[in-house]
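Contents: one structure, followed by commentary.
Readers should treat all values here as calculations from the given coordinates under stated rules, not as data from a laboratory. None of these values were measured; they are calculated from a predicted model. Note that we place each Cβ from the backbone using ideal geometry, even for glycine, and neighbour counts take in every protein chain shown.
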Amino acid sequence: MLLELFDHPLLGNLKNRVVMSAMTRSFADQNHCVTAASAEYYARRAADGVALILTEGTIVHPTGDGYNDVPYIYTPEQTESWKQVTQRVHEEGSKIFCQLWHCGRISHEDFTGGVPPVSSSNKQAGGINRQNGKPYGVPRALETEEIPEIYEMFRQGALNAIAANFDGVQLHLAHGYLADQFFDAAINDRTDQYGGAVENRCRFALELTEIILRELGAEKVMVRLSPSRGLGDGFYDWPDLDDMLAYLIPEFEGMGLRMLDISCARADYYQTSGRIIRQIRPMWPHLIMGGASLLPGQAESELQEGYLDMVTWARFILANPDFVTRLREGKPLIPMESEMLKTLV
Ligand SMILES: Cc1cc2nc3c(=O)[nH]c(=O)nc-3n(C[C@H](O)[C@H](O)[C@H](O)COP(=O)(O)O)c2cc1C
């Protein structure tokens, strides 16, 4: 199933069910534009046979940045730079979605033009930010009236992505970034309609998704969530996990969302996102993608058993530009090593 043609009602004709997961590479130029080297990097995977590519996290507004040298999709010049990527990937017959990203508190003034990063609360993230070797910035809790301004950043980013000929966008609502800072009761201590009860903590993600769906339509919008994700050597579940999923997933379905990517950051799939997918599958008869370094046989059985419709890989696709060929030929996969992050091959 994995390597056979896949005709999906929204995504259309796909080469197979292999998806390249979003991966930050930090090779944008000083204006946060992507370069020809990135276009070749993505096109190489498309030429090998990856059916759907999800780009690296792409910043929707300068105040949402938190990383070194990541691309934006904010100015006309940045938007224009993405056209070389979409063009090369389309020439190779694959589809590509742009992952829209706002880091929230996983940032520092060094990355946001000197203003404090924003979040659902003013609770600082623990630990040292490896991007600048400093503690994370102390965030400023968004005022209730400011929340629509964030939606507008994503809406403009989504329109820019379509202008750059992307097939769609993936809203990054996962991995502890801004939307997740609203979901997570350990961070979100708000007393307005965006904090407290499960319904309130889901409101930011739901309102944002509805706006983007209204603008682009169901065939161009995908959401990435990580209700259970890797943290240190273990994993972390959302507080009120069962109640959150029981409310959130039917709400997404009711508003017309049809594509979900359930992520676990970099944890064991079966303990984290695989478990979540088993829980939400009965509530979600539409497209689900997921995975984390699954072996080909494991991916096949997740598809056969109906848990997944498409399978995502990040590190194996980074380390093996010929990933799909290796699967077809039954060749071993090279594991990713940190050295490989230094070049864009
Ligand atoms: C170098 C690197 C960068 C990543 N950057 C992002 C990112 O920008 N956005 C995102 O949602 N996930 C990001 N991830 C997580 C991956 O998309 C994926 O969920 C995770 O690596 C697990 O899949 P894997 O085991 O196949 O690598 C990144 C992972 C790696 C290894």
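Observations, loosely collected:
- Among the residues of the stretch 280-305, the ones that are part of a loop (DSSP other than H, G, I, E, B) and either touching a strand residue (DSSP E or B) at 6+ places or on another chain (Cβ under 9 Å) or within 16 Å of the ligand (Cβ to nearest atom) (or both) come to 7 in all.
- Odd one out for Ile53, checked against (1) surrounded by fewer than 21 Cβ atoms within 10 Å (Cβ to Cβ); (2) touching a Ser or Thr at 6+ places or on another chain (Cβ under 9 Å): (1)
- For the stretch 39-67, the set of residues classified as closer than 27 Å to Glu329 by Cα, within 14 Å of the ligand (Cβ to nearest atom) and not in a loop (DSSP other than H, G, I, E, B) consists of Tyr41, Tyr42, Arg45, Leu52, Ile53, Leu54, Thr55, listed by residue number.
- Contacts under 6 angstrom Cβ, first residue in the stretch 325-345 being without any contact (Cβ under 8 Å) to a residue 40 or more places away in the chain, partner of a type in the set (D, E, K, R) and within 13 Å of the ligand (Cβ to nearest atom), 6 or more apart: Met336/Arg315
- Selection status of Asp261, acidic (Asp, Glu), closer than 26 Å to Lys220 by Cα and within 16 Å of the ligand (Cβ to nearest atom): yes
- Scanning the stretch 119-138 for residues that are of a type in the set (A, V, I, L, M) and surrounded by fewer than 17 Cβ atoms within 10 Å (Cβ to Cβ) yields Ile128, Val138.
- Scanning the stretch 136-164 for residues that are within 19 Å of Gln181 (Cα to Cα) and either under 18 Å from the mean Cα position of the chain (by Cα) or assigned to a helix (DSSP H, G or I) (or both) yields a count of 11.
- Unique match (being farther than 27 Å from Lys95 by Cβ and of a type in the set (Phe, Trp, Tyr)) among Tyr136, Tyr151: Tyr136
- When the stretch 1-22 is filtered for residues that are assigned to a loop (DSSP other than H, G, I, E, B) and within 27 Å of Ser38 (Cβ to Cβ), the ones remaining, listed by number, are Leu2, Leu3, Leu10, Leu11, Lys15, Asn16, Arg17, Ser21, Ala22.
- Qualifying residue in the stretch 172-186 (condition: surrounded by fewer than 19 Cβ atoms within 10 Å (Cβ to Cβ) and part of a helix (DSSP H, G or I)): no
So that you can scan it fast, the table gives a plain yes or no per residue for (1) assigned to a loop (DSSP other than H, G, I, E, B); (2) touching a His at 6+ places or on another chain (Cβ under 9 Å); (3) more than 27 Å from Glu146 (Cα to Cα):
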| residue | (1), (2), (3) |
| --- | --- |
| Leu206 | no, no, no |
| Phe235 | no, no, yes |
| Arg278 | no, no, yes |
| Tyr307 | yes, no, yes |
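- Flag if Glu199 is surrounded by fewer than 18 Cβ atoms within 10 Å (Cβ to Cβ) and either in contact with an Asp or Glu (Cβ under 9 Å, 6 or more places away or on another chain) or in contact (Cβ under 8 Å) with a residue 40 or more places away in the chain (or both): yes
- Residue in the stretch 320-342 that is under 24 Å from Gly256 (Cα atoms), touching a helix residue (DSSP H, G or I) at 6+ places or on another chain (Cβ under 8 Å) and either within 12 Å of the ligand (Cβ to nearest atom) or of a type outside the set (Val, Ile, Thr) (or both) present: no
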